[in-house]
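Here is the structure we will look at, set down as structure tokens.
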Amino acid sequence: MSNLLIIGAGGHGKVVAEAAEFQGKWTKIAFLDDRTDITHVFNFGIFGKLNDYVNFVAEFEFAFVAIGDNEKRLLWIDKLLDTGYKIPAVIHPGAYVSKYGLIGEGTVVLPGAVVNTNSRIGKGCIININACIDHDCEIGNGVHISSGAVVRSMSTVGRLSYIGAGSCVKTGACLAERFILPDGKIAENQTIL
């Protein structure tokens, strides 16, 4: 087992820590965060500020970025990789990921989420609770698929996009980079990369 350092101790950090704990493969989980009003999240310590990440490479082989902002999340993943950290995917055991799916490094797949056959999820994505990625989809780097959203089969979602809670991307849709689909809306097929 190895140690996991989580970058960001806010609400998303809590969710990531719990999912990582449920994976059962980490000896120690700890955080870095710039807030000074907390010292722990659950039973996990906050070991320093975000920029202290360079001081923990020897103690933590793995690091995970739990920052909600899509672009910042990808930037931090690259910084951590350049420093020598390994970046895992964190998959809650209550999620379903097809053995024929691909989950990129730094991606979290949360409880109730489904990643179906032959779908590829990029680096640094959030596949939130009860989200569904149907078969043969391509999800770009740094995408957030919100709670209860559905990406129907054979769709492409461009990098740094945000698919709102309860939204639906129709079958075969191709969504542009940085596409924003508000909560509860439907993305039609005509949106082109």
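All of the numbers you see were taken from the coordinates with simple rules; none came from a lab. What you see is a predicted model; the values in this text were computed from it and never measured. Every residue, glycine among them, receives a Cβ derived from its backbone with ideal geometry; neighbour counts consider all protein chains shown.
So the values come out like this:
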item: Fraction of beta bridges assigned by DSSP in the chain that are antiparallel (%, nearest 5); result: 5
item: Calculated from backbone phi, Karplus (6.51, -1.76, 1.60) coupling profile of the range 108-122 in Hz, x at Gly/Pro; result: 10, 10, 9, x, x, 6, 10, 10, 7, 3, 6, 8, 10, 10, x
item: Proximal charge balance of GLY48 [Cβ under 10 Å; K/R count +1, D/E count -1]; result: -2
item: Once exposed loop chymotrypsin sites (Phe, Trp or Tyr not before Pro) are cut out (DSSP; at most 16 other Cβ, 10 Å), longest piece of the chain; result: 101-193
item: Cα long-axis angle, helix 70-83 against the chain (0 to 90 degrees, to the nearest 10); result: 50
item: Extension reserve of the LEU102-ALA58 stretch, reckoned as 0.36 nm per residue once the Cα distance is removed; result: 13.0 nm
item: Long-range HN-HN contacts of PHE64 with modeled amide H, under 5 Å; result: LEU5, ILE6, ILE7
item: Helix-derived mean residue ellipticity, 222 nm - over the chain, DSSP H n ≥ 4, -39500 (n - 2.57), to 500; result: -4500 deg cm²/dmol
item: Along the chain, longest interval not containing exposed GluC sites (Glu not before Pro), exposed being DSSP loop plus at most 13 other Cβ atoms within 10 Å; result: 60-187
item: Whole-Å distance, taken between Cα centres, linking the range 109-182 and the range 1-49; result: 25
item: Rounded to 10°, Cα long-axis angle of helix 11-23 versus longest principal axis of the chain; result: 80
item: Filter on LYS14/LYS185; LYS79/LYS185; LYS49/LYS170; LYS28/LYS185; LYS25/LYS49 - keep pairs with C-alpha separation over 31 Å; result: LYS79/LYS185; LYS49/LYS170; LYS28/LYS185
item: Point-to-point label distance, ARG35-ASP183, nm (Cα→Cβ direction, 7 Å offset); result: 2.1
item: Unit charges on C-beta of K, R, D, E only; dipole of the range 2-87, Debye; result: 120
